[in-house]
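See below for the structure under consideration.
The values are calculated or read from the model by the stated rules, or taken from the named source; none is laboratory data. Computed from a predicted model, the values in this text were never measured in an experiment. Backbone-built Cβ (ideal geometry, glycine too); neighbour counts: all protein chains shown.
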């Protein structure tokens with residue numbers, strides 16, 4: 001480790017201060033979620049004197065946060081499945097130039113990376129209203145799949161292009177058709193890349209706000225972002241349930257992050273380098 | 001025989017492309033074209049009410065809107081905060097997680113974690129942290145003898161936008177840390193070993209090796225910073241909604257509010273076009289600028 005100079009001490013002190021800065025808001029939220037209303041304020045670190053489970057009961061039954069978590073999961077998982085199937089098929093065709101115009105298709109799909117999706121908010125909302133697709137699971141799932149398509153396509157094509165063509169050719173000689181090649185050969189080999197694309201889409205949809213906020217208006221359909229946003233305006237007699245709602249909405253995504261940390265961090269970097 | 005096989009492959013290729021092509025065109029490209037078209041019309045958002053062709057009037061209204069200038073200034077503040085706050089912090093954090101010390105994984109996880117939390121949850125957390133009556137920041141300020149400072153920064157016309165940039169930095173520092181960390185991983189270890197043999201200390205190694213060799217990481221950072229600042233929306237919407245008054249307005253909040261609060265859909269669509277064109281041009285210009293500068297090396 002070498003000797004400890006003053007510079008080195010300052011450096012590591014700073015590293016720990018940043019660690020505190022990033023963790024403290026989460027710590028405060030968690031301890032407050034177990035406190036009664038009198039204990040939350042005027043303290044930075046104090047643990048609750050007795051654990052107030054009532055906050056969580058209220059978060060589940062009054063705020064209906066579990067319903068919102070479930071909705072977010074349905075949208076995320078649904079969009080992931082659609083994206084994975086559609087992107088893998090499209091990416092294989094583009095990577096192998098199976099049809100004419102794949103160069104154009106590639107640019108056409110990647111154009112979406114340069115456009116902020118919410119700029120198209122109004123036409124999308126109008127379209128959803130016209131066709132009666134608001135407050136429904138399937139249309140939202142396809143909307144989210146479409147919004148996440150360019151990024152997933154970008155991440156997954158790279159992986160598929162790297163797979164040796166010899167495998168395809170051997171399968172063609174054995175009489176496999178293109179569908180069998182995509183789902184029987186390419187899919188298993190490209191799984192790490194596909195999984196990275198899928199989990200990035202999952203994270204984006206789970207936390208998405210703008211489209212959910214404008215297209216989901218019934219309480220039973222609301223996602224965590226919409227539900228938490230609504231809490232700011234609602235009058236509560238105590239703050240504990242709000243903290244408990246925050247905790248319950250971020251626990252699932254924290255677990256997913258800790259389970260797939262390397263994939264998520266790798267996917268974030270891959271997505272950033274799209275220039 | 002071979003001909004029919006290729007033909008069969010082509011048909012299968014088209015069938016495989018079709019779902020993605022339809023989905024993407026319907027969800028992305030059709031609305032994209034519609035935004036451009038509708039930006040030339042005046043409309044109150046009610047499906048039955050007619051569209052009124054107004055040419056470029058929506059764009060004129062946009063440019064004459066004093067709130068547009070506020071948004072422009074705030075986007076500038078966002079870009080500056082990226083360079084002055086997120087850049088040094090994330091570069092520092094990248095060197096920390098690259099040092100392979102004990103507890104490295106814990107530090108890395110805690111730095112990146114805000115990135116996976118929903119922006120609304122983040123806004124709510126910070127709303128409580130900055131709670132004026134006994135919130136933790138207010139408690140901290142009291143302890144430091146700064147009672148006279150009102151910690152309700154998000155509700156303050158002057159400070160709201162700066163408070164948002166700090167929350168934004170808190171959220172994105174870990175993400176940018178990974179960009180720099182990936183860049184540092186790409187620097188061959190031998191370069192550092194040679195420098196140590198030549199007697200370079202850690203500051204000199206940072207100044208003369210790490211930073212110059214991180215050029216492409218800096219480029220990625222700048223690109224993301226500028227595009228991210230132009231298109232920033234959620235962070236502002238969930239914390240202040242553009243307020244108080246119009247103090248923390250950005251392009252995204254103007255687009256949203258003009259449609260769903262003021263029923264001025266033409267203005268919103270013009271703002272949508274402005275956002276699409278600006279972010280497209282910015283990324284095209286920066287990419288070609290970087291490509292040219294990299295060729296000169």
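Numbers at a glance
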quantity	calculated
Sole exception among (1) free of Cβ contacts under 8 Å to residues at least 40 places away in the same chain; (2) crowded, with 21+ Cβ neighbours inside 10 Å; (3) within 30 Å of residue B:129 (Cβ to Cβ) for residue B:217, by number	(3)
Exclusive hit being surrounded by fewer than 20 Cβ atoms within 10 Å (Cβ to Cβ), more than 19 Å from the chain's Cα centre (by Cα) and facing chain A (nearest Cβ under 9 Å), set B:158, B:95	B:95
Residue that is surrounded by the fewest Cβ atoms within 10 Å (Cβ to Cβ) [pool: residues in region A:255-275 that are without any contact (Cβ under 8 Å) to a residue 12 or more places away in the chain and more than 10 Å from chain B (Cβ to nearest Cβ)]	A:262
Filter result for the condition that a residue is within 27 Å of the chain's Cα centre (by Cα), not in a loop (DSSP other than H, G, I, E, B) and not assigned by TED's automatic domain parsing to the domain that holds residue A:141, over A:75, A:20, A:86	A:20
Hey, residue B:172 buried (at least 16 other Cβ atoms within 10 Å of the Cβ), at the interface with chain A (Cβ under 9 Å from one of its Cβ atoms) and either within 29 Å of the chain's Cα centre (by Cα) or touching a residue at least 60 places away in the same chain (Cβ under 8 Å) (or both) or not	no
Where residue A:38 falls short, out of the listed (1) touching a helix residue (DSSP H, G or I) at 6+ places or on another chain (Cβ under 6 Å); (2) assigned to a helix (DSSP H, G or I); (3) within 14 Å of chain B (Cβ to nearest Cβ); (4) surrounded by fewer than 17 Cβ atoms within 10 Å (Cβ to Cβ)	(1)
Pair list, Cβ under 8 Å, 6 or more apart: region A:149-162 residue touching a residue at least 12 places away in the same chain (Cβ under 8 Å) and more than 14 Å from chain B (Cβ to nearest Cβ), other residue buried (at least 22 other Cβ atoms within 10 Å of the Cβ) and outside any helix (DSSP H, G or I)	A:159/A:190
Test: residue in region B:200-210 that is under 26 Å from residue A:268 (Cα atoms), within 10 Å of another protein chain (Cβ to nearest Cβ) and touching a residue at least 40 places away in the same chain (Cβ under 8 Å)	no
Region A:89-132, residues that are part of a loop (DSSP other than H, G, I, E, B) and either farther than 30 Å from residue B:42 by Cβ or at pLDDT 95 or above (or both)	A:97, A:98, A:99, A:100, A:101
Tally of residues being free of Cβ contacts under 8 Å to residues at least 24 places away in the same chain and at the interface with chain A (Cβ under 8 Å from one of its Cβ atoms) across region B:125-142	10
Condition met for residue B:139 (modelled with pLDDT under 95, under 25 Å from residue A:18 (Cα atoms) and loosely packed, with under 14 Cβ neighbours inside 10 Å)	no
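Condition check ((1) touching a helix residue (DSSP H, G or I) at 6+ places or on another chain (Cβ under 9 Å); (2) over 30 Å from residue B:282 (Cβ atoms)) across all residues:
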| position | (1), (2) |
| --- | --- |
| A:240 | yes, yes |
| A:243 | yes, yes |
| A:246 | yes, yes |
| A:259 | no, yes |
| A:269 | yes, no |
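Residue by residue, here is whether (1) within 21 Å of residue A:250 (Cβ to Cβ); (2) within 13 Å of another protein chain (Cβ to nearest Cβ); (3) under 16 Å from the mean Cα position of the chain (by Cα) holds:
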residue	(1), (2), (3)
A:175	no, yes, no
A:192	no, no, no
A:206	yes, yes, yes
A:210	yes, yes, yes
A:219	yes, no, no
A:227	yes, yes, no
